Amino acid sequence: MLNENIKALRKSKGLSQQELAIKLNVVRQTISKWEQGLSVPDSDLLIALSEALETPVSTLLGEPVIESEADAVKALSEKLEIINLQFARRKATRKAILHWLLIALCAGVVIISAVLVTVNSPYLGWDYSAPETAVMGVAFHAFEWLFVRLAPIVLIAALIGIFMTRKKV
């Protein structure tokens, strides 16, 4: 029973026979003999063994230790790793979408600016006496006025966003 408990506790702590031997200042073969039941540790080594495995001596000498804790932790660790990979992929996808949306926003600002420069501000020559065209002229004037003031800020912010969301090689 002692041999099984030593082996189970050593594995649950993630230690190799060599690592446990180093902690106890013995050779690896001594650990192997204990685990095979070919020999037993003396009282001093039994106390050192319980300290190295962080378990009471009574547990080493008593009931069998279940190895399933290490397996459960390993399975949980693998599941968490898969979830982390899924989150990383999702984050990368969102970053790529944001990057391309910012590029589209920059292109839209440039295109609208080019159209407004080409049209050459028609609202100044608009006939505001006719009610149908007056409302449309005021709306166009408001759009152009707002666009001229906000476009540089939007363009700079979008360019910074493009720079920050680019793929780093």
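The values are calculated or read from the model by the stated rules, or taken from the named source; none is laboratory data. As the structure is a prediction and not an experimental result, all values here were calculated from the model. Neighbour counts are summed over all protein chains in view; Cβ atoms, including those assigned to glycine, are modelled from backbone coordinates with ideal geometry.
Couple of notes before you dig in:
- Inclusion of Lys91 among residues that are under 23 Å from Arg166 (Cβ atoms), among the charged types (D, E, K, R) and in contact with a helix residue (DSSP H, G or I) (Cβ under 6 Å, 6 or more places away or on another chain) is not warranted.
- Every residue from the stretch 79-124 that is within 37 Å of the chain's Cα centre (by Cα) and polar (S, T, N, Q): Asn84, Gln86, Thr93
- Considering residues of the stretch 23-54 that are polar (S, T, N, Q) and at pLDDT 85 or above only, the residue farthest from Ala8 (Cα to Cα): Asn25
- Selection status of Lys74, assigned to a helix (DSSP H, G or I) and either of a type in the set (Phe, Trp, Tyr) or out of contact with any strand residue (DSSP E or B) (no Cβ under 9 Å at 6 or more places or on another chain) (or both): yes
- Scanning the stretch 90-119 for residues that are of a type outside the set (A, V, I, L, M), free of Cβ contacts under 8 Å to residues at least 12 places away in the same chain and surrounded by 10 or more Cβ atoms within 10 Å (Cβ to Cβ) gives Arg90, Lys91, Thr93, Arg94, Trp100, Gly108.
- Top-ranked residue of the stretch 73-108 - restricted to ones that are among the charged types (D, E, K, R) and within 30 Å of Gly14 (Cα to Cα), ranked as modelled with the highest pLDDT: Glu81
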